[in-house]
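Written below as structure tokens is the structure these notes are about.
The values are calculated or read from the model by the stated rules, or taken from the named source; none is laboratory data. Because the structure is predicted, anything quoted here is derived from the model rather than measured. Cβ placement follows ideal geometry from the backbone for every residue including glycine, while neighbour counts extend to all protein chains displayed.
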Amino acid sequence: MAKIIDGRAVAASVRAGLKAECEQFYADNGFRPGLAVIIVGEDPASQVYVRNKEKGCNEVGFYSEVYRLPADTTEETLLALVDKLNKDDKIHGILCQLPLPKHLDETKVILAIDPSKDVDAFHPENVGKIMIGNYSFLPCTPAGVMKLIESTGVDISGKECVVIGRSNIVGKPQAMLLLQKNGTVTICHSRTKDLAEVTRRADILVVAIGKADFITGDMIKEGAVVIDVGMNRKDDGKLTGDVDFASCEPKASFITPVPGGVGPMTITMLLQNTMTSAKNHLK
């Protein structure tokens, strides 16, 4: 039977450290790390994420600004706001909540954010730095996954690591981070043949495929560490991950629940990136 990796507890520990670090930073420098969040439109899930980011800033003592723009905001207006925040010394991290309304070019907006304030680590410059292992920021969800694996005490070096999903936000950077810790990494996706044969080799399995309860107990190795990045809502309104927890938990050595696993770590690592950016701006 697996030990449950408590993402809420790990996140709380990291945030407690950040809060103490922020107070010391303020005492030493006379200002606080600052995060600006932009949201365009009324997407309900995005509204929840933005509120949680605002709450997280308050919890650790950061300065924060939230810009709620109407859905019909023009690209020119949005880019002008990004430019203003790039030049604002109070702001060390800029995040534009995705997805944007269809008439706005997400790529153009990401490119407009100063890479040194890109605390999502989506800018190509930061993506390239992750590839070569010389980065300031890590994408928040993969960074959170690494913290959760670290909390188990399992050494990644030499382990068979399988990542299911190849998105730019999770799958690809996740594979890079595992590789940098000397894992032997396989990336699987919708075109992978004999998926179960690959997943059964994994000592560490990270699942970010966006399909509810997709990975079942017969697809995992006895004693595997299973990290479920998925967040899906069933017809009955309940949240579930990409991993069928009931069948995988008896076989795994460690497993994350949904909710309460990877989710709490994502915003926590965003706060960590903002602290890193504030320190970098001092230099």
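Descriptive notes on the structure:
- Residues within the range 13-59 that are of a type in the set (A, V, I, L, M) and in contact with a helix residue (DSSP H, G or I) (Cβ under 8 Å, 6 or more places away or on another chain), tallied: 8
- The number of residues in the range 47-74 being in a helix (DSSP H, G or I), hydrophobic (A, V, I, L, M, F, W, C) and surrounded by 13 or more Cβ atoms within 10 Å (Cβ to Cβ) comes to 3.
- Count of the range 1-45 residues, restricted to those that are within 25 Å of Gly153 (Cα to Cα), surrounded by 21 or more Cβ atoms within 10 Å (Cβ to Cβ) and of a type outside the set (A, V, I, L, M), is 1.
- Number of the exception - Leu81 against (1) over 20 Å from Pro44 (Cβ atoms); (2) in contact with a helix residue (DSSP H, G or I) (Cβ under 7 Å, 6 or more places away or on another chain): (2)
Conditions tested, residue by residue: (1) in contact with a Lys or Arg (Cβ under 6 Å, 6 or more places away or on another chain); (2) modelled with pLDDT of 95 or more; (3) more than 27 Å from His123 (Cβ to Cβ); (4) surrounded by fewer than 18 Cβ atoms within 10 Å (Cβ to Cβ).
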residue: Cys161; (1), (2), (3), (4): no, yes, no, no
residue: Asp194; (1), (2), (3), (4): no, yes, yes, yes
residue: Glu197; (1), (2), (3), (4): no, yes, yes, yes
residue: Arg200; (1), (2), (3), (4): yes, yes, yes, yes
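- The residues of the range 15-30 that are under 14 Å from Lys279 (Cβ atoms) and touching a residue at least 12 places away in the same chain (Cβ under 8 Å), listed by number, are Leu18, Glu21, Cys22, Phe25, Tyr26, Asn29.
- Residue list for the range 214-241, restricted to those being within 29 Å of Asn182 (Cα to Cα) and surrounded by fewer than 23 Cβ atoms within 10 Å (Cβ to Cβ): Phe214, Thr216, Gly217, Asp218, Lys221, Glu222, Gly223, Met231
- Of the residues in the range 258-279, not one is farther than 30 Å from Leu35 by Cα, in contact with a Lys or Arg (Cβ under 9 Å, 6 or more places away or on another chain) and not in a loop (DSSP other than H, G, I, E, B).
- The range 214-243, residues that are charged (D, E, K, R), closer than 16 Å to Val262 by Cβ and either assigned to a loop (DSSP other than H, G, I, E, B) or over 21 Å from the mean Cα position of the chain (by Cα) (or both): Asp242
- Lone qualifier among Asp120, Asp105, Asp114 - being at pLDDT 95 or above, charged (D, E, K, R) and closer than 15 Å to Asn168 by Cβ: Asp120
- All conditions in (1) aromatic (Phe, Trp, Tyr); (2) in a loop (DSSP other than H, G, I, E, B); (3) within 23 Å of the chain's Cα centre (by Cα) hold for Phe31, with the sole exception of (3).
- Residue in the range 258-277 that is over 22 Å from the mean Cα position of the chain (by Cα) and among the hydroxyl-bearing types (Ser, Thr, Tyr) present: no
- The range 31-79: number of residues that are over 23 Å from Asn273 (Cα atoms) and among the β-branched types (Val, Ile, Thr): 3
- Long-range neighbours under 9 Å by Cβ, at least six apart or interchain, first residue free of Cβ contacts under 8 Å to residues at least 24 places away in the same chain within the range 139-159, second in a helix (DSSP H, G or I): Glu150/Val10
- Check on Thr77, more than 30 Å from Met146 (Cα to Cα), touching a Leu at 6+ places or on another chain (Cβ under 9 Å), of a type in the set (Ser, Thr, Tyr) and assigned to a loop (DSSP other than H, G, I, E, B): no
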